């Protein structure tokens, strides 16, 4: 599935390649007439274009995601897309687009709303949302709140054995500026990460 390939590229930081793959995936989804899939792809494209610095394309894609999400459909959501909850994911996409465009405060507001809308049963996906909000709060200089969220995301990631989310949390922790390394909240986060060291047999 091209959408899954694009998602993997996004996680690897290969946004340019991801944008190319998403273009192909969106064409396939249009031919198939799968509005939920189209909404998911357009939401991904929105924050991908934002990180590439193309704000116009980012918000076009976001508008398309909203339109596709609002389309009535008799087709059930594909099982492989069961993690996609449009009210939360579209709001998260807007937040991530704001973050990619350097609008950290707008990003934090949107990502807080996305987290509030996120359904509790999608536990692993919640860790992703926590990580996105933590990234925005770090960009806003809100170190205490960000470190708390990173610890929560790491706890979920270890329980659900998600190597990808563990790596993302560690990456965000590594990006905390040097001047904060000796602060209490960072030391407490490091202790949480140490105590919740992930098992060897992790998966995606």
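Checking the a/c ratio against 1.5 first, then a/b against b/c, what shape does the Cα gyration tensor give for segment 96-204? Numbers along the way, then the final one.
Numbers: a/c = 1.93, a/b = 1.12, b/c = 1.73.
The shape class here is oblate.
Which order results if 9, 149 are arranged by neighbouring Cβ count within 10 Å, fewest first? Walk me through the intermediate numbers first.
Details: 9 19, 149 27.
Taking fewest neighbouring Cβ atoms as first place, the list is 9, 149.
Between 107, 39, 25, find the one with the highest GNM mean-square fluctuation for the chain; connect C-alpha pairs within less than 10 Å.
Result: 25 has the largest fluctuation of those listed.
Which FRET efficiency value, to the nearest 0.05, is calculated for residue 105 and residue 31 with the Förster distance at 45 angstrom and r the Cβ-Cβ distance? List each step's numbers first, then the result.
On the way: r = 40 Å, r/R0 = 0.88.
Computed FRET efficiency for residue 105 and residue 31 comes out at 0.70.
Residue 188 to residue 23: extension gain in nm, 0.36 nm per residue of separation minus the Cα-Cα distance? Write out the running numbers ahead of the final one.
Details: separation 165, 0.36 × 165 = 59.40 nm, distance 4.26 nm.
Extra length from residue 188 to residue 23 when fully extended: 55.1 nm.
Quick one: divide the alpha-carbon radius of gyration of the chain by 2.2 N^0.38 Å and tell me what you get.
Working: Rg = 17.0 Å, N = 204, 2.2 N^0.38 = 16.6 Å.
Ratio of Rg to 2.2 N^0.38 Å for the chain: 1.02.
In segment 116-151, whose amide N lies under 19 Å from the spot 7 Å out along Cα-to-Cβ of residue 178? List them in ranges.
In segment 116-151, the label zone of residue 178 (backbone N under 19 Å from the point 7 Å along Cα→Cβ) covers no residue.
Could you please rank 147, 140, placing first whichever residue has the fewest other Cβ atoms within 10 Å of its Cβ? Don't skip to the answer; put the middle values down first.
Working: 147 26, 140 14.
Neighbour counts put them in this order, fewest first: 140, 147.
Among 33, 100, 79, determine the one that fluctuates most according to a GNM of the chain built with springs between C-alpha atoms less than 10 Å apart.
In the Gaussian network model the winner is 79.
On a full-extension model of 0.36 nm per residue, what is the gain between residue 4 and residue 124, subtracting their alpha-carbon distance, rounded to one decimal in nm? Before the final figure, lay out each step's value.
Working: separation 120, 0.36 × 120 = 43.20 nm, distance 1.65 nm.
Result: 41.5 nm gained on full extension.
For the chain, set up a Gaussian network in which alpha carbons nearer than 10 Å are linked by springs, and say which option among 26, 75, 188 fluctuates the most.
75
Looking at the square roots a ≥ b ≥ c of the eigenvalues of the Cα gyration tensor of segment 69-121, which shape do they give, rounded for a/c under 1.5, prolate if a/b is larger than b/c, or oblate?
Values: a/c = 2.75, a/b = 2.05, b/c = 1.34.
The shape class here is prolate.
Going 7 Å from the Cα of residue 195 in the Cα-to-Cβ direction, what parts of segment 126-163 have a backbone nitrogen less than 19 Å from that spot?
Residues 144-161 qualify, since their backbone N sits under 19 Å from the label point.
Could you tell me which of rounded, prolate or oblate describes segment 81-156, using a ≥ b ≥ c as the square roots of the eigenvalues of the alpha-carbon gyration tensor, with rounded for a/c under 1.5 and, failing that, prolate when a/b is larger than b/c and oblate otherwise?
Working: a/c = 2.36, a/b = 1.22, b/c = 1.94.
The shape class here is oblate.
Given only helices, namely DSSP H runs of n ≥ 4 each adding -39500 (n - 2.57), what is the per-residue ellipticity at 222 nm of the chain, to the nearest 500 deg cm²/dmol?
Taken over the chain, the calculation gives -23500 deg cm²/dmol.
Bear in mind that the values in this text are calculations on the coordinates, not laboratory data. Just so it is clear, the model here is predicted, and its values are computed rather than measured. Positions of Cβ are backbone-derived with ideal geometry, glycine not excepted, and every protein chain shown enters the neighbour counts.
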